[in-house]
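The values are calculated or read from the model by the stated rules, or taken from the named source; none is laboratory data. It should be emphasised that the depicted structure is a prediction, and the values quoted were computed from it without experimental measurement. All Cβ positions, even for glycine, are placed from backbone atoms using ideal geometry, and neighbour counts span all protein chains on display. Heads up: the accessible areas ignore ligands, DNA and RNA and are worked out on the full protein's heavy atoms, side chains in. Shrake-Rupley method; radii C 1.70, N 1.55, O 1.52, S 1.80 Å.
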Amino acid sequence: MPKPTKGPRLGSSPAHERLMLSNLACALFENGKITTTETRAKRLQPLAERLISKARRGDLHARRQVLARLDNKAVVAKLFEEIAEQIDKEREGGYTRIVKLGNRRGDNAPIAEISLVLEAVEKKKKAKPAAKKEAAKAEAPKDEAKEESAEPVEEKAEEAKAEETEAAEAPAEETKDDAAPESEASAEESPSKAEAETTDAPAEEKAE
């Protein structure tokens with residue numbers, strides 16, 4: 001709702017303002033759109049939408065209320081019989097539209113066009129629960145594929161570590177294997193030396 005102004009309304013008295021808005025509403029319902037100042041269009045919009053809401057009710061009491069606000073019976077008949085039926089039943093408000101047209105030549109007053117909205121309501125498409133479930137299912141295989149791809153990487157890393165440890169242990173075993181023949185050779189040489197000493201010892205005793 002527009003904020004009430006103090007003092008003269010639209011440059012005139014309250015009674016003059018009611019007559020002015022009544023004439024503007026009659027012109028709007030008769031022609032479908034009118035061009036006026038932006039201030040008058042904003043004042044006319046709530047009145048026109050209230051009258052259209054009563055016309056959509058279509059009962060006798062609503063018709064009498066509209067006739068008390070508008071003096072033209074032909075316009076009231078057109079409002080109830082034509083305009084109210086052309087408006088989409090699913091529309092819950094916003095029966096008029098204001099479009100700014102710039103400034104008027106001469107007094108540079110801002111001009112606007114107010115027109116009736118008779119188009120059908122375009123509802124926004126809501127995502128169905130089934131579609132959400134399908135999207136979740138589509139994401140689940142992707143996560144599994146990522147996990148599967150991560151597992152081979154971990155296995156490869158473990159295999160690489162195992163190979164490195166085997167490579168590190170292999171030289172140590174080779175050194176042990178190399179040291180074993182040397183020890184065997186020394187062990188073989190030691191009995192031969194002992195035999196040589198035993199053979200030399202009797203010879204010396206005979207010489208004595």
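Take the conditions under 24 Å from Thr37 (Cβ atoms), at pLDDT below 95 and touching a strand residue (DSSP E or B) at 6+ places or on another chain (Cβ under 7 Å) and apply them to Gly106. Does it pass?
No, not satisfied.
Pairs under 6 Å by beta carbon, first residue more than 16 Å from Val117 (Cβ to Cβ) in the range 38-59, partner hydrophobic (A, V, I, L, M, F, W, C), six or more apart or different chains?
Glu38/Ala112; Lys54/Ala62; Lys54/Val66
Quick check on this structure: which one of Lys33, Lys78 is open to solvent by 90 Å² or more (accessible area, probe 1.4 Å), more than 16 Å from Arg18 (Cβ to Cβ) and touching a residue at least 24 places away in the same chain (Cβ under 8 Å)?
Exactly one residue qualifies, and that residue is Lys33.
Scan the range 61-69 and give yes if some residue there is outside any helix (DSSP H, G or I) and open to solvent by less than 50 Å² (accessible area, probe 1.4 Å), otherwise no.
no
Quick check on Gly58: is it over 12 Å from Phe29 (Cα atoms) and surrounded by fewer than 12 Cβ atoms within 10 Å (Cβ to Cβ)?
Spelling it out, it is not the case that Gly58 is over 12 Å from Phe29 (Cα atoms) and surrounded by fewer than 12 Cβ atoms within 10 Å (Cβ to Cβ).
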